[in-house]
Amino acid sequence: MHRAMHRALRGSRMVTVAGGEGHIVHGTNSCADKSATVYLLTGRLPARDLTC
């Protein structure tokens with residue numbers, strides 16, 4: 001389902017935490033935290049999909 005939504009949302013980025021579970025991982029992975037924080041503070045998406 002996540003990948004289908006990602007494909008439907010043109011221009012979106014997917015940040016995947018390897019071994020993670022659920023939808024919210026903020027505070028548990030510095031790689032994911034950084035991309036989420038930058039987006040929330042600036043509106044800038046990562047340049048590409050990320051796997052942390």
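The values are calculated or read from the model by the stated rules, or taken from the named source; none is laboratory data. Treat the numbers as computed from the prediction; the structure is a model and nothing was measured. Using ideal geometry, Cβ is built from the backbone for each residue, glycine included, and neighbour counts are taken over all protein chains shown. Keep in mind that these areas ignore ligands, DNA and RNA; they rest on the heavy atoms of the full protein, side chains included. Shrake-Rupley method; radii C 1.70, N 1.55, O 1.52, S 1.80 Å.
Using unit Cβ charges (K, R positive; D, E negative) and no other charged atoms, how large, in debye to the nearest 20, is the dipole of the chain about its Cα centre?
For this selection, approximately 300 debye.
Which one, T16, L45, T28, is farthest towards the positive end of the dipole of the chain when Lys and Arg carry +1 and Asp and Glu -1 on their Cβ?
So the residue furthest toward the plus end is L45.
Tell me, what % of the accessible area of the chain is carbon and sulfur with a 1.4 angstrom probe?
57 percent
How do T28, T16 stack up against each other in accessible area, from largest to smallest, with a 1.4 angstrom probe?
T28, T16
Skipping prolines and chain starts, which residues have an amide H placed within reach, meaning under 5 Å, of the one on T16, given they are 5 or more residues away or on another chain?
Residues meeting the amide H criterion: L50, T51, C52.
Measuring from label point to label point, each 7 Å out along Cα→Cβ, what is the A47 to R3 span in nm?
It is 2.5 nm.
Suppose all protein chains stay in the model; what accessible area per residue would a 1.4 Å probe give for the chain, in Å²?
Averaged over the residues of the chain, the accessible area is 84 Å².
Could you derive backbone 3J(HN,Hα) for region 6-19 from the dihedral phi with the Karplus parameters 6.51, -1.76 and 1.60 (θ = phi - 60°), listing whole Hz in sequence and x where the residue is Gly or Pro?
So the J values, rounded to whole Hz, are 4, 5, 6, 8, 3, x, 6, 10, 10, 10, 10, 9, 4, x.
For the chain, what's the radius of gyration and Dmax over Cα atoms, in angstrom?
For the chain, the Cα radius of gyration and maximum Cα-Cα distance read 10.9, 28 Å.
For the peptides 2-13, 34-45, what is the packing order when you average, over each peptide's residues, the other Cβ atoms within 10 Å and list the highest mean first?
34-45, 2-13
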